[in-house]
1. Among the residues of the range 51-79, how many are open to solvent by 10 Å² or more (accessible area, probe 1.4 Å), within 17 Å of K92 (Cα to Cα) and either assigned to a helix (DSSP H, G or I) or among the small types (G, A, S) (or both)?
2. Here is a list of conditions, (1) touching a Pro at 6+ places or on another chain (Cβ under 6 Å); (2) open to solvent by less than 10 Å² (accessible area, probe 1.4 Å), and L514 meets all of them except one; can you say which number that is?
3. Do we have any residue at all in the range 611-621 that's under 25 Å from A540 (Cα atoms), free of Cβ contacts under 8 Å to residues at least 40 places away in the same chain and of a type in the set (A, V, I, L, M, F, W, C)?
4. Tell me, please, whether a residue that is over 30 Å from the mean Cα position of the chain (by Cα), aliphatic (A, V, I, L, M) and open to solvent by less than 20 Å² (accessible area, probe 1.4 Å) can be found in the range 282-297.
5. Looking only at the range 211-245, count every residue that is touching a residue at least 60 places away in the same chain (Cβ under 8 Å), open to solvent by 70 Å² or more (accessible area, probe 1.4 Å) and either in contact with a helix residue (DSSP H, G or I) (Cβ under 7 Å, 6 or more places away or on another chain) or polar (S, T, N, Q) (or both) and tell me the total.
6. Anything in the range 319-368 that is more than 30 Å from K228 (Cβ to Cβ), within 29 Å of the chain's Cα centre (by Cα) and of a type in the set (V, I, T)? List them, or say none.
7. Of all residues in the range 36-50, which are under 35 Å from the mean Cα position of the chain (by Cα) and surrounded by fewer than 23 Cβ atoms within 10 Å (Cβ to Cβ)?
8. For residues that are open to solvent by less than 20 Å² (accessible area, probe 1.4 Å) and touching a Leu at 6+ places or on another chain (Cβ under 6 Å), scanning just the range 355-379, find the one that is nearest to A420 (Cα to Cα).
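The values are calculated or read from the model by the stated rules, or taken from the named source; none is laboratory data. Everything numeric here is computed off the predicted structure, so don't read it as measured data. Quick reminder, even Gly has a Cβ in these numbers, built from the backbone with ideal geometry, and neighbours come from all protein chains shown. Areas reflect the complete protein model, heavy atoms only, side chains present, ligands, DNA and RNA absent. Shrake-Rupley method; radii C 1.70, N 1.55, O 1.52, S 1.80 Å.
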Amino acid sequence: MNVLRILLSVLSLCLAGVPAAAEPVLSKYLGEVAASDLVAGAEAFGPPQQDLPVAPVLKGGETIGWAFVTSDFVGTTGYSGKPIHTMVAVDKDARIIGVTLVKHSEPIVLIGIPEAKVKALAAGYVGLDLVAEARSGGTSHDVDIISGATVTVMVIDDSIVRSGLKVARALGLGGLAPDAKPAGPAFEVNPDAAAPKDWMAMEGDGTLRRLSLDVSQVNAAFAALDDKRAAERALTEPPETTFVEMQTALVSVPAIGKAILGEAEYANLAGWLQPGESAIVVVGRGLYSFKGSGYVRGGIFDRIVLIQDDVSVRFRDRMHRRLVSVAAEGAPDFAEADLFKIPADVGFDPTKPFRIQLLVQREVGPVEKLFTTFDLGYQLPQQYLRPVATAPDTAPTAADTVAEQDEVSAQQALWKKIWADSRPEITGLAAMLLVLTAVFFFQSWATRNERLFFWFRMGFLTVTLVFLGWYANAQLSVVNLMALFGALVTGFSWQAFLLDPLTFILWFSVAAALLFWGRGAYCGWLCPFGALQELTNRIARALHVPQWTLPWGLHERLWPIKYMIFLGLFGVSLMSIEQAEHLAEVEPFKTAIILKFIRAWPFVAYAAALLIAGLFVERFYCRYLCPLGAALAIPARIRMFDWLKRYKECGNPCQTCANECPVQAIHPTGEINPNECVDCLHCQVLYQSKTKCPVVIKKLKRRETVGTVPPRDLTGHPNQPKPQPAE
């Protein structure tokens, strides 16, 4: 019966996270937000539409815009694993006229970010032109990243733009056409089509498309800008000089790829592409390079972007291959020839028109530049397409299935974009994990030289603090564990956890480390706040600040405090994750690491008090208060190996390691407590010390004694010196 009750309780918890009906989020929050708070001067909201979760925004009885909640149209799962509900208002010209956050569980926004910054972030979207976003593929605006809330801001930005475009199209705002199923037949690429072998013939039938600009055209385009400096810096070459000639083709189409690249190169291309991916070739010559040099520094080709409807693809170096030669007959000599891959999850349709937008820049000052754009349009000729059978119009779920797939693709594209943008940080973290793993596996060799290992550890902790902590904000928190448990109860999805690459990688590393070494791999080496405590304590020691060693009985009774804190937070999270996240402010991580002490004075004072205590008692917070350490310590005993070497004399009679352990994790009887050990490896340094370890010293003395024993004869007796003859 008890087992049955437990199973029923678990089932009820799981069902609690499943909504009874797909009620629009707008209807829940429309009565909680005043119209004037969303749109300045607005007086009220009208009744929501029946077929679309939008409500008119009224002023003087007239509709001045439409309000909606982003979560009704796109996925908005944030860092916490829960949706970020943002209410947005757009006017008849498809311009955003109001934005406000109505509900979220983002801990950094709930606690760490001042309300003024959040309001400024929302206000920054007022005036955003969704028509321009549709034309640019959602890239015509800059994202104002708030330090410490990168993931949250990117989710908010992505949801505002994509949901705004969906609403504007559905309502026909700003001239945007509603999404509708094409009236004509659907098409797919015909793999059996044939292409001309001659370059000029491919230009003639549209297989290849060209953009050709001379100097006069580019000068005229810059002269049309409002900034007079553009005209003053006009190109001085003859007007008819070719500025840039660019041509492109969709070489993932088999016939086109074989005709332009040749059989062998096309086979290489086909092996490079994954199912659903497409590829284009771009060739160019003239004064201006379509590639530029930005991809060398930052890995991104910043002069070209592929745009199809509201899909935009910016090419990165991993999506690029150089083309050595063009196989088509009669091909001109091009200075540049390159292949670019289009990922499968961006929503690109090779059967529909697209364009390559070329960004042309002109320097007007020592560091200042002006920009203008030119488009190279492309439409796959009809000869490479064939109609496909479509499902009957009576099929009720076809459109919903496509929309759901598009939404999944959009969410995948968001986290993949975040990972791509975080590549330098990911590389740095991978290098740190590789070095740390090597140290743990070869710890006897690593700890052989006490002084060298000490400075290695100080250097590693400095990198952890500065790079992982203050630069990358990769500080794990007990909030992560509560978010994970909440996701398991309400419906688990990898999406939320993939939005923060470094945190994702760190947690997987911690899970692996728990099996091998326990919690110390993270707590002792990769925790930025732990590194800050140890480094400040080392500075205090250098300044001769007295160190306090608590009596073992008191020290042992203070250990459980952190476990009580963790269990309390976990219990509160079962009732209210938001309340638990507020109480998790017992962790000073947001103040000291994420926000770098730029915060209200009570939070700064609390973090400073913990650091000051750590000047006298090394890692005071880690020892007695850290709920994250407690959470990691609970499974610490499941580790598969015991890597720390000990002598039988450790603890009885020798107390050297116990007395010098930085966190007092060694019992007076000699056992190492894995729940408290931070794997600093100081005991392994002492294990080999020729000046501190009594066992090692005794062995060395024994060897010296053996080396001084006189040699023995064949009978085993010591050789006697021969008597000297008398004179």
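1. 2
2. (2)
3. As a first pass, look at the range 611-621 and keep what is under 25 Å from A540 (Cα atoms): 611-621.
With free of Cβ contacts under 8 Å to residues at least 40 places away in the same chain added as a condition, the list becomes 612-613.
Keeping just the survivors that are of a type in the set (A, V, I, L, M, F, W, C) gives 612-613.
Yes, the range 611-621 contains at least one residue that is under 25 Å from A540 (Cα atoms), free of Cβ contacts under 8 Å to residues at least 40 places away in the same chain and of a type in the set (A, V, I, L, M, F, W, C).
4. Step one: of the range 282-297, the residues over 30 Å from the mean Cα position of the chain (by Cα) are 282-289.
From what is left, the residues that are aliphatic (A, V, I, L, M) are 282-283, 287.
Narrowing the set further to residues that are open to solvent by less than 20 Å² (accessible area, probe 1.4 Å) leaves 282-283.
Yes, there is a match, as at least one residue in the range 282-297 is over 30 Å from the mean Cα position of the chain (by Cα), aliphatic (A, V, I, L, M) and open to solvent by less than 20 Å² (accessible area, probe 1.4 Å).
5. 0
6. Residues satisfying the conditions are I342, V346.
7. Applying the first criterion (under 35 Å from the mean Cα position of the chain (by Cα)) to the range 36-50 yields 37-39.
If the condition is that a residue be under 35 Å from the mean Cα position of the chain (by Cα) and surrounded by fewer than 23 Cβ atoms within 10 Å (Cβ to Cβ), then D37, L38 are the ones that fit.
8. I356
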